[in-house]
Amino acid sequence: MISLERLMADRLRAVVAAIAALTVLSGLGQLLLPGTVLDLLGAESTATTRYFFAIVGMFMAVVGGVTLQALLVEPTPAFVVLWCAVQKLGAFLAVSVGVLRDLFSWVAMAVALFDLLTAVLAAVLWRRMRAPAGRHQRARVAA
């Protein structure tokens with residue numbers, strides 16, 4: 001486990017870790033209260049939609065949890081951060097299509113745009129993690 005000081009020294013890593021923790025919490029909220037979340041997003045709330053939305057929430061919690069855990073250990077498996085970026089990009093696309101098809105209200109676009117931002121941040125972190133150690137250290141010193 002890395003220390004909180006070490007995590008906070010790397011702002012990008014800390015931001016992605018915080019977002020991963022929020023993803024766990026929002027996924028659990030979606031899992032436990034799918035009707036409430038669907039109502040907030042202006043979506044149809046039936047037994048079927050609540051059931052499938054809860055399943056999505058479970059996977060959000062799992063992906064957020066594995067990403068957070070990966071960011072708190074050394075060496076961090078870079079592939080976990082890559083898959084976090086892929087999941088967030090997929091969420092952005094899925095929610096955006098849902099808004100365009102009037103399945104969600106335009107309020108849901110805020111969620112989609114946050115997922116897009118998270119995908120970009122995770123992709124930048126993944127790319128930085130894949131860079132040779134010397135290059136990454138020089139970039140941090142120069143910043």
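The values are calculated or read from the model by the stated rules, or taken from the named source; none is laboratory data. Just so we're clear, the structure is a prediction, and the values are computed from it rather than from any experiment. Because the Cβ atoms are built from the backbone with ideal geometry, glycine has one as well, and the counts that use them run over all protein chains shown.
Annotations for the structure displayed:
- Note on region 1-46: enclosed helices (runs of 4 or more DSSP H) holding 3 or more residues that are modelled with pLDDT of 95 or more and buried (at least 16 other Cβ atoms within 10 Å of the Cβ) are 11-32, 34-40.
- In this structure, Val80 does satisfy being among the β-branched types (Val, Ile, Thr) and buried (at least 17 other Cβ atoms within 10 Å of the Cβ).
- The set of residues in region 58-114 being in contact with an Asp or Glu (Cβ under 8 Å, 6 or more places away or on another chain) and closer than 21 Å to Val124 by Cβ consists of Lys88, Leu89, Ala91, Phe92.
- Of the criteria (1) over 30 Å from Ala131 (Cβ atoms); (2) part of a loop (DSSP other than H, G, I, E, B); (3) not acidic (Asp, Glu), which one Val73 fails: (1)
- Of all residues making up region 60-77, the number that are surrounded by fewer than 16 Cβ atoms within 10 Å (Cβ to Cβ) and touching a helix residue (DSSP H, G or I) at 6+ places or on another chain (Cβ under 7 Å): 1
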